[in-house]
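Worksheet: one structure, shown below.
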Amino acid sequence: MTPNRVQRGAKKKRRLPLALLIAPVVLVAIGVAVLLALRGGGGPIIGGGDEPAPPFDFIVKPATAISTAPDADEAELSASADEVAQEITPTIDDLYTNAFLDPSNWRHDDYEEIFAAFAPHAASTAEQSVETLTLGATAGDVFDTVDPGKSKSKLSYQVLFDPDGEPETAVVSVIFRATAERKNGTYLAIVSEGEFFLRQIDGEEGWTITAFDVMRDDHETEPPSPSASPSA
Amino acid sequence: MSVLAARRRAALLVALVAAWIAGSALGATQPAGHASAAPLFQLEPAHAEYVPVLDGSKPIYVLVIGSDARPDQEVESQRADSLHILSINPAEHRASIVGIPRDSYVEIPGVGQNKIDAALFYGGPDLVVQTVEQLTGLKMDYWAMTGFASFEQMVDDVDGLVVDVPFAMSDDASRAFFDPGVQRLDGDNALAFARNRHDLPAGDFGRSENQGRLMVAALAQLKKEFNKDPARLLIWVASFVRNGTTTLAMDEVLDLAFTGTAINANKVENVVFPGGTGMVGGLSVVTLNQETLDAISKDLADDGLLKKANVPPSPNEPLLEG
């Protein structure tokens, strides 16, 4: 066998596997497109899925420090309490964004992301209360958009310090408001109010929700003023 | 449709109590790091050799010791002016309070027969625990001790206790002057209410019941405030920690406080071991009714709760009926 023949033979052998590889790729691409079409409801099919979540941040009130040391430096603790609030706030921002604002979650009844904020025992309870803690399983069938608008959503913190001045437990009181437009053109004010207890669990990074008491007070509302633009 | 539900609530704090407790108790190994030369209030595990089970699977027994130490005295070197077993059934959100008359003439381990209030003087809280355990057969999980000053301060820190004063009181010795009815008592008045025995027909028996009444009031208030604003729990815990000392981790103190928020105060049985009074060697003593003592102790042992059949008559019955 000459070298040329070997090369030709090799090329000939490669043509068949390439053809076999292309076919499954095409099939998978078609499958993905079909899946997106089925899952997306009224959402876009081609061009990258759902819209991004609208930008959202809670307004954070000054935190209250609760001291357990009789001779605590109140100013120092107050500053530490604000630091704790700064550490925790992104967790709560993300929790509410994922639970109420991110179309890729509420359109598809996919709220798995929110449970990462909870300690394991609390997460299992949170899963049982997903309808209260999120926009709900059927939100994708009901709503077109959810808009936090000019946020009137607020967080206020109370932080308990141990006698050494280390933050032990934080309670964050939440008032979250958004406006959801239904597919039939009516509007629902989404209101979530409650408290979350957070601790720094041994062996875990950051603050984790260990208990909560959350209430929903949704109600019918008028369309937002024309200047407000729905973000999702 | 579920998303249209106007008002719904995930009231999971109470439901989470057991889980919260179980979760954090595992990590509750660091002492709070707060010590005081003359502790005003202490809460400690009753035994060093085992960890109390706080997951709701068994009752929790707390021996509450009121020392007659004045502000300038060490609580441990005085007598136990009041003794109560607080038994909590976390799973059922219920509790029982059993007062032990301070003059109860009992066997104090290593000391011999004596009034039970002397156990604190002879061996501190540990000996009081041993004595009560020997008397009742119940194994205590914690003991908590307070003196006059810290009791007052704690009550003031939570803005007073709302107490249903069951009958009029007028006692110069304790400065207890109350009309019957629901009223908010500040620390000074709560202490007076707890100390009054001179104008009670059954003396210390009736006083012990009234002290239990304060505990029930505290539990009711804690629950009420917690339900209204869960963050109030932090104020209560802070008040306790600020006015006392403990080797418990803050997590565990919080867990116990959470446990307290779950108790339905309306269903707390508040009783006192009955007995008769007499003299032994010049000492005025109480001989406990052994049959009732055994029945109550046995009843508490299984689930921490007292059956109606084992609830003795109130020592304040003549006043309550009046």
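The values are calculated or read from the model by the stated rules, or taken from the named source; none is laboratory data. Source: prediction; values computed, not measured. Neighbour counts are summed over all protein chains in view; Cβ atoms, including those assigned to glycine, are modelled from backbone coordinates with ideal geometry.
Can residue B:159 be described as free of Cβ contacts under 8 Å to residues at least 40 places away in the same chain and at positive phi? Break it down stepwise before answering.
On the way: free of Cβ contacts under 8 Å to residues at least 40 places away in the same chain: yes; at positive phi: yes.
Here the answer is yes, as residue B:159 does meet what is asked.
Which one is farthest from the other protein chains (Cβ to nearest Cβ) among residues in segment B:202-222 that are over 15 Å from the mean Cα position of the chain (by Cα) and at pLDDT below 95?
From segment B:202-222, those over 15 Å from the mean Cα position of the chain (by Cα) are B:202-206; that's our starting set.
Then keep just the ones that are at pLDDT below 95; that gives B:202-204.
Values: B:202: 39, B:203: 36, B:204: 33 Å.
The residue in question is B:202.
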All positions within segment B:174-214 that are out of contact with any Pro (no Cβ under 8 Å at 6 or more places or on another chain) and among the charged types (D, E, K, R): B:175, B:179, B:184, B:186, B:188, B:195, B:197, B:199, B:207
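Yes/no matrix, rows are residues, columns are (1) away from chain B (no Cβ under 13 Å); (2) of a type in the set (A, V, I, L, M):
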{"residue": "A:85", "(1), (2)": "yes, yes"}
{"residue": "A:93", "(1), (2)": "yes, no"}
{"residue": "A:99", "(1), (2)": "no, yes"}
{"residue": "A:106", "(1), (2)": "no, no"}
{"residue": "A:123", "(1), (2)": "no, yes"}
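Can we say residue A:69 is touching a strand residue (DSSP E or B) at 6+ places or on another chain (Cβ under 8 Å), in a loop (DSSP other than H, G, I, E, B), within 14 Å of another protein chain (Cβ to nearest Cβ) and surrounded by 13 or more Cβ atoms within 10 Å (Cβ to Cβ)? So that I can check it myself, show each step before the final result.
On the way: touching a strand residue (DSSP E or B) at 6+ places or on another chain (Cβ under 8 Å): yes; in a loop (DSSP other than H, G, I, E, B): yes; within 14 Å of another protein chain (Cβ to nearest Cβ): yes; surrounded by 13 or more Cβ atoms within 10 Å (Cβ to Cβ): yes.
Yes: the conditions hold for residue A:69.
Condition check ((1) modelled with pLDDT of 90 or more; (2) of a type outside the set (A, V, I, L, M); (3) touching a Pro at 6+ places or on another chain (Cβ under 8 Å)) across all residues:
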site	(1), (2), (3)
B:245	no, yes, yes
B:271	yes, no, yes
B:280	yes, no, no
B:288	yes, no, yes
B:301	yes, no, no
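I'm trying to understand the selection: among the residues of segment B:251-271, which are under 14 Å from the mean Cα position of the chain (by Cα) and within 15 Å of residue A:171 (Cβ to Cβ)? Reasoning before the result, please.
Of the residues in segment B:251-271, the ones under 14 Å from the mean Cα position of the chain (by Cα) are B:256-257, B:259-260, B:263, B:265, B:268-271.
B:257 - this is the single residue of segment B:251-271 that is under 14 Å from the mean Cα position of the chain (by Cα) and within 15 Å of residue A:171 (Cβ to Cβ).
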Unmet requirement for residue B:236, which otherwise passes all of (1) over 16 Å from the mean Cα position of the chain (by Cα); (2) surrounded by fewer than 23 Cβ atoms within 10 Å (Cβ to Cβ); (3) under 27 Å from residue A:164 (Cα atoms): (1)
Residue list for segment A:100-116, filter: surrounded by fewer than 22 Cβ atoms within 10 Å (Cβ to Cβ) and part of a helix (DSSP H, G or I): A:104, A:112, A:113, A:115, A:116
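Do we find that residue B:190 is at pLDDT 95 or above, under 15 Å from the mean Cα position of the chain (by Cα) and in a helix (DSSP H, G or I) in this structure?
Values: at pLDDT 95 or above: yes; under 15 Å from the mean Cα position of the chain (by Cα): yes; in a helix (DSSP H, G or I): yes.
Here the answer is yes, as residue B:190 does meet what is asked.
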Residue among B:164, B:199 that alone is charged (D, E, K, R) and under 25 Å from residue B:296 (Cβ atoms): B:164
Residues that are within 16 Å of residue B:146 (Cα to Cα) and more than 8 Å from chain A (Cβ to nearest Cβ), drawn from segment B:223-247: B:236, B:239, B:240, B:243, B:244, B:245, B:246, B:247
Residue within segment B:259-270 that is in contact with a Gly (Cβ under 8 Å, 6 or more places away or on another chain), touching a residue at least 60 places away in the same chain (Cβ under 8 Å) and surrounded by 13 or more Cβ atoms within 10 Å (Cβ to Cβ) present: yes
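Are there strands (runs of 3 or more DSSP E) fully within segment B:68-177 with at least 1 residues that are more than 28 Å from residue B:287 (Cα to Cα) and within 16 Å of the chain's Cα centre (by Cα)? List them.
Values: elements: B:80-89, B:94-100, B:105-108, B:112-115, B:142-146, B:161-165, B:169-171.
Ranges flagged: B:80-89, B:94-100, B:161-165.
Restricting to strands (runs of 3 or more DSSP E) lying wholly in segment A:126-232: which have 1 or more residues that are under 23 Å from residue B:225 (Cα atoms) and at the interface with chain B (Cβ under 10 Å from one of its Cβ atoms)? Show your work before the answer.
Working: elements: A:143-147, A:154-161, A:167-182, A:187-199, A:208-217, A:219-221.
By residue number, A:154-161, A:167-182, A:187-199, A:208-217.
Out of A:79, A:75, A:123, report the one residue that is under 14 Å from residue A:210 (Cα atoms), without any contact (Cβ under 8 Å) to a residue 60 or more places away in the chain, assigned by TED's automatic domain parsing to the domain that holds residue A:168 and assigned to a helix (DSSP H, G or I).
Working: A:79 fails: under 14 Å from residue A:210 (Cα atoms); A:75 fails: under 14 Å from residue A:210 (Cα atoms).
Testing whether each residue is under 14 Å from residue A:210 (Cα atoms), without any contact (Cβ under 8 Å) to a residue 60 or more places away in the chain, assigned by TED's automatic domain parsing to the domain that holds residue A:168 and assigned to a helix (DSSP H, G or I) leaves just A:123.
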